[in-house]
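To keep things clear, I will list the structure first and then write my remarks on it.
Since every read-out is calculated from the coordinates, none of them should be taken as a lab result. Keep in mind that this is a model prediction, so the values were computed, not measured. We place every Cβ from the backbone using ideal geometry, glycine too, and count neighbours over all the protein chains shown.
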Amino acid sequence: MMAAAENRDYECERMPRVTLGKAQWSDEQKAEFMRRRRARNFLLLAALGGFCLIVYVIALVKLHEYGQMW
Amino acid sequence: MANYAENLLSENAALVPHLGAEPADWLALLKPRVVSLVVFTGAIGLVIAPGHVNPLIAAIAIFCIALGAGAAGALNMWYDRDIDALMRRTSTRPIPAGKIEPGAALGYGLVLSVISVLLLAMATNLCAAAVLAVSIFYYAVIYTVWLKRHTPQNIVIGGGAGAFPPVIGWAAVTGQIGLLPMLLFLIVFFWTPPHFWSLSLYASTDYEKAGIPMLPVVKGARHTRWNVFGYTLILFALSLLPWMLGLAGRIYGLTALALGVVFIHYAWGVLRDAQDERGVSLSQDKPARAAFKFSILYLFLLFAACAVDRLI
């Protein structure tokens, strides 16, 4: 029961599955984990934005040059 | 072997808190150094192709080629994570280092593969996108899964994976596959063995440790030296074909001639290196290291000459 409760605490912070109940996290490590997760999220956002931009540019160029997408 | 690496990974994971990957780790998963050469040869394919393509579309096509090559690299790292952990050169890669989970790397590679092919189809044409898809499959499945661990000829046949970019670049402009890009494909195909076997001559202990049947491990160093020399001769003859068939001009022809002679000189150095009775180098493989470095310069200059020849 106790172990399950401890794991729930970790899950609340959404730590990676591989470390559940195995590693002791210091405050610095938690801060570093949050920083890396934020960087990853911004990177994903940028990638999605880039993808939309590329599709937009392709559509603009093709419609301008050929009058159709395909 | 695989179990040993998996145990090693899970032990490390238990001891070290998993802090998550840095953006640089995700970038490293795309093998940026390999991608740079792929981008270059793909761009040359675009430049030498007859016809006009909008510069924005050309830039997107090159980006898609890079993305596809990177995705194939990520899939390769996912599959090879067990043997990567055993080799000094590859043990610091994001998966064996415990920075990225294997499942995440697999998803990353698959998603990027699909996106690169779809974007290329949208930006250019189905022919270019199909060749890109084939090249990803060739590297991730034919080379990585079927050949690499099973035959000493792995990099001869697998060399095809790196040879596709000029064909993709050409197809992006023309919508079809011509004779010149096929010759460039063959040049990269036959360039790969002397390039890679020069490296494997002085990195064979790493491959041996991981159980990869590279030619020096299976057939010995002497046999590999002869193969480096033989493939360099074939490459020399092939590199002159575009000039002889009138598909490339004098600038390309003379450059191919000069570069080929120098490459043969380096390959001869590998063959005649001071060695013991098994063919193992007594000079710390200095000629093989020099041949490996020159092979990169060779391909770069040969393709650059092809583009210059077309532009002038």
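Here B:K148 is the anchor, and the lysines within straight C-alpha reach of less than 16 Å, apart from those fewer than 8 places off in the same chain, are B:K209, B:K219. With neighbour counts taken as other beta-carbon atoms within 10 Å, the residues A:Y56, B:Y139 rank, fewest first, as A:Y56, B:Y139.
Hull volume per residue, based on the alpha-carbon atoms of chain B and their convex hull, is 122 Å³. Only helices reaching 15 angstrom along their own axis (Cα) with mean Kyte-Doolittle hydropathy no lower than 1.6 count here, and for the DSSP H runs of chain B these are B:32-48, B:55-79, B:102-123, B:126-137. Positive end of the dipole of the protein assembly as shown (Cβ unit charges, origin at the Cα centre): among B:P23, B:I168, A:L53, the Cα lying farthest that way belongs to B:I168. Approximating the spin labels as points 7 Å out from Cα along Cα→Cβ, the A:L53-to-B:V141 distance works out to 3.4 nm.
For the range B:1-176, the calculated P(r) over all alpha carbon pairs, in 10 Å bins from 0 to the bin holding the longest distance, is 10, 36, 31, 16, 5, 1 percent. Relative contact order, whole percent, for the range B:1-176 stands at 31, derived from Cα pairs under 8 Å and 6 or more residues apart.
Across chain B, the relative contact order, built from alpha-carbon pairs under 8 Å that are at least six residues apart, equals 18 percent.
Once the Cβ-Cβ distance of B:A258 and B:Q284 is raised to the sixth power relative to R0 = 25 Å, the FRET efficiency obtained is 0.30.
Mind running the shape call on the protein assembly as shown? Use the C-alpha gyration tensor, a ≥ b ≥ c as the square roots of the eigenvalues: rounded below 1.5 for a/c, prolate if a/b tops b/c, oblate otherwise. The shape class here is oblate.
The Kirkwood hydrodynamic radius of the range B:240-291, based on inverse pair distances between different Cα atoms, is 12.7 Å. Pairs of Cα atoms nearer than 8 Å and 6+ residues apart set the relative contact order; for the range B:178-312 it is 30 percent. Oblate is the label for the range B:113-185, because a/c, from the alpha-carbon gyration tensor with a ≥ b ≥ c as root eigenvalues, is 1.5 or above and a/b does not exceed b/c.
Extent along the principal axes, Cα only, for the range B:178-312: 49, 26, 18 Å, with the longest axis given first. Amide H to amide H, with H built 1.01 Å from N, B:Q275 comes under 5 Å of B:L282, counting only residues 5 or more places away or on other chains.
Looking at the P(r) of the range B:88-238, how many percent of alpha-carbon pairs lie beyond 19 Å? In whole percent, the long-distance tail amounts to 62. Cross-link reach is defined here as a Cα-Cα straight distance under 28 Å, omitting same-chain residues fewer than 8 places apart; for A:K30 the lysines meeting it are A:K22, B:K99. Going from the fewest other Cβ atoms within 10 Å to the most, the residues B:M122, A:M34 appear in the order A:M34, B:M122.
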